[in-house]
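A.B. asks: Just dropping this structure here.
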Amino acid sequence: MKTHYYFSWFNHFFPEKLVHCLQEDIQDRKSLVMISANPSGHTDEQVNFDDISEWTWLNQANIIFDKYHFIDYRMQKEDAQRFIQNASVIFLCGGYPVLQNDFLVEYELSHVIKNSNAVIMVASAGALNMAAKWLSLNNTDEVETSTIYNGIGFDHFAYESHSQRDYATFVQGYLSPLSEENDVYAAEQESAIRVKDGNIEIMGPVYLISHSKIQKLVETL
């Protein structure tokens with residue numbers, strides 16, 4: 001039974017109904033493995049989990065693990081793969097999606113994550129990298145370019161995090177070509193998507209863009 005949670009972002013803590021779902025789904029709490037989306041951003045030898053927003057969400061929800069591991073360039077590749085293989089829960093953190101994508105490739109983690117039976121949780125940048133596809137928009141003074149990246153591909157849809165409310169721009173603009181190939185879930189903050197045994201459930205403001213048409217999804221979680 002595979003369970004995946006996609007979070008856009010929570011400014012304070014998990015909503016109560018989401019906590020209830022997580023408490024139900026996370027029965028094995030031996031180890032939590034968190035994967036950085038700013039893997040070169042820390043130089044201290046010790047990881048301060050109090051500084052990691054995603055850890056505080058879980059801690060406030062009283063979802064406590066026996067062991068915690070934070071994976072970035074301070075950890076050897078072989079150790080990172082081993083911790084992921086033995087993880088109860090894997091959490092791809094928010095930050096810089098391109099840096100995280102490069103790190104997953106360099107450390108050969110995508111295949112290890114995809115073969116895991118752990119509950120997978122992802123936020124912001126991590127949610128982009130977990131989906132099948134995601135799009136990076138690059139603006140300069142002279143030109144706007146976009147790059148489509150392949151994610152780990154746990155689920156066969158594209159994801160857009162921290163969506164703005166001007167969805168007409170999304171549909172008519174840069175998300176339109178992507179939506180012709182894949183369903184795109186555009187999630188505002190304070191939202192979650194749970195994919196459990198292939199069933200997609202929604203909490204909070206999430207929109208589905210498919211073939212350049214958009215609809216707001218009904219909450220089912």
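A.B. asks: Which whole-number value in Å² is the accessible area per residue of the chain, probe 1.4 Å? List each step's numbers first, then the result.
C.D. replies: Working: 10970 Å² over 221 residues.
Result: 50 Å² per residue.
A.B. asks: Mean Kyte-Doolittle of at least 0.0 plus a Cα span of 20 Å or more along the axis: flag which DSSP H helices in the chain meet both, please. Please list the in-between numbers first.
C.D. replies: On the way: long enough: none.
Span-like helices here: none at all.
A.B. asks: Give the Cα extents of the chain along the principal axes, in whole Å, largest first.
C.D. replies: 47, 39, 30
A.B. asks: What pairs from 133/213; 2/216; 67/133; 17/77; 17/216 go past 29 Å between their alpha carbons?
C.D. replies: Values: 133/213 18 Å; 2/216 26 Å; 67/133 32 Å; 17/77 36 Å; 17/216 20 Å.
Distance filter (> 29 Å) returns 67/133; 17/77.
A.B. asks: Distance in nm between label sites at residue 114 and residue 220, each 7 Å beyond Cα in the beta-carbon direction?
C.D. replies: 2.5
A.B. asks: Let me ask something else. Using a 1.4 Å probe on the protein chains only, how many percent of the accessible area of the chain belongs to carbon and sulfur? Don't skip to the answer; put the middle values down first.
C.D. replies: On the way: 4990 of 10970 Å².
Carbon plus sulfur share of accessible area: 45 percent.
A.B. asks: Hey, what did the chain get for relative contact order, percent, Cα under 8 Å, at least 6 apart? Each step should come with its number before you reach the end.
C.D. replies: Details: 449 pairs, mean separation 51.0, N = 221.
The normalised contact order for the chain reaches 23 percent.
A.B. asks: Please provide three numbers in whole Å: the alpha-carbon extents of the stretch 19-88 along the principal axes, with the largest listed first.
C.D. replies: The Cα atoms of the stretch 19-88 stretch 35, 25, 18 Å along the principal axes, largest first.
The values are calculated or read from the model by the stated rules, or taken from the named source; none is laboratory data. Here the structure is a predicted model, which means the values were calculated and not measured. Please note: Cβ atoms are built from the backbone with ideal geometry, for glycine as well, and neighbour counts cover all protein chains shown. Side chains included, ligands, DNA and RNA excluded: accessible areas come from the protein's heavy atoms. Shrake-Rupley method; radii C 1.70, N 1.55, O 1.52, S 1.80 Å.
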